[in-house]
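The values are calculated or read from the model by the stated rules, or taken from the named source; none is laboratory data. Keep in mind it's a predicted model, so treat the numbers as computed, not measured. Ideal geometry is used to build each Cβ from the backbone, glycine not excepted, and the neighbour counts take in all protein chains shown.
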Amino acid sequence: MKRKCARSSNSGQALIVTALVITMLLLSTAYYVFELKTDVTTDQTADDSTFAAIKLSSVNTVISALANVSNGGDNSVLSTDLNMLASTIENQSYGENSDLQFTLSNVPPYQNGTWISWESNVTAISSACVSFLINFSGPSTTYSSQYETNVTTALNIEGQYAGNDAEKNVNLTCTMFNENEPASISDITVFYQNETGGPWFQVDPSNLQMIDYGNGTYLMSFEAYTQGTLQVSAQAHDLRGIFVVANTTLSSA
């Protein structure tokens, strides 16, 4: 079926612009703090505030790029955005030398740092995985640090339907995860297919009742018309703007 992305890929680019602005603010503060510490002591070790600012910026950049890719953007945006981030960090060093290097994961199922899996039954995944190396040197300290960032949004759906005639009462449970932790759904659109290979019908929002349990789990109920197999597709964004599409085949209760 045609994916209905409620937001364009431009929303992801808006996120990267915001992430880069935040990066400059964080690094400006971090380097200022570093300079103050250097004035006080010459026995300076790796500065935690500078590293934290760079790491937070790298994570935010991966999130915004994945939001872009999952909403229909080109897969190359991840590399492009990280190169922009590395350039920003280098240009904001204020006398110190900061170098951010990155490697996009190509370990299966990742390709060029991303993994989009929407075709398998029950669980959908939109994910990005990047390894980073930070090299930092200042008047009184030099250090390197390696870390990996994995951003993963997953949506699980399962349910049943009941009814003795063509009109069925459908109960669907959707669970959203960010990095394997329960997360909130920003928006969701539900479709159903009442015959194999047939057209998809969007569930009218006025016909969709939803209960939010506050722990990433949502119970949705709606009416559908079918004489046989019922296929359901849930298309959702998390609060970070990352898009996922989960499909399942329902059985009768």
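For the structure I just gave you, tell me whether Glu179 is loosely packed, with under 13 Cβ neighbours inside 10 Å, under 21 Å from the mean Cα position of the chain (by Cα) and not assigned by TED's automatic domain parsing to the domain that holds Ser105. Reasoning before the result, please.
Values: loosely packed, with under 13 Cβ neighbours inside 10 Å: yes; under 21 Å from the mean Cα position of the chain (by Cα): yes; not assigned by TED's automatic domain parsing to the domain that holds Ser105: yes.
Considered against the rule, which asks whether it is loosely packed, with under 13 Cβ neighbours inside 10 Å, under 21 Å from the mean Cα position of the chain (by Cα) and not assigned by TED's automatic domain parsing to the domain that holds Ser105, Glu179 comes out as yes.
Of the listed requirements (1) at pLDDT below 90; (2) surrounded by 15 or more Cβ atoms within 10 Å (Cβ to Cβ); (3) of a type in the set (Ser, Thr, Tyr), Tyr94 misses just one: (2). Return yes when Ser127 is without any contact (Cβ under 8 Å) to a residue 12 or more places away in the chain and not assigned by TED's automatic domain parsing to the domain that holds Asp187 and no when it is not. No. The sole residue among Thr114, Thr152, Thr142, Thr173 that is in contact with a helix residue (DSSP H, G or I) (Cβ under 8 Å, 6 or more places away or on another chain) and either farther than 23 Å from Arg240 by Cα or at pLDDT 95 or above (or both) is Thr114. Across the stretch 199-226, which residue is farthest from Asn178 (Cα to Cα) among those that are touching an Asp or Glu at 6+ places or on another chain (Cβ under 8 Å) and among the polar types (S, T, N, Q)? Filtering first and then ranking leaves Thr226. Among the residues of the stretch 162-179, is there at least one that is of a type in the set (A, V, I, L, M) and in contact with a Lys or Arg (Cβ under 7 Å, 6 or more places away or on another chain)? Within the stretch 162-179 (the criterion being of a type in the set (A, V, I, L, M) and in contact with a Lys or Arg (Cβ under 7 Å, 6 or more places away or on another chain)), the answer is yes, since at least one residue qualifies. Scanning the stretch 217-253 for residues that are buried (at least 17 other Cβ atoms within 10 Å of the Cβ) and among the aliphatic types (A, V, I, L, M) yields Met220, Ala224, Leu230, Val232, Ala234, Ala236, Ile242, Val244, Val245, Ala246, Leu250. Assess whether Gly214 counts as being buried (at least 18 other Cβ atoms within 10 Å of the Cβ) and not in a strand (DSSP E or B). The answer is no for Gly214. Which of the residues spanning the stretch 182-209 are closer than 30 Å to Ile63 by Cβ and free of Cβ contacts under 8 Å to residues at least 12 places away in the same chain? Of everything in the stretch 182-209, just one residue is closer than 30 Å to Ile63 by Cβ and free of Cβ contacts under 8 Å to residues at least 12 places away in the same chain, namely Pro205.
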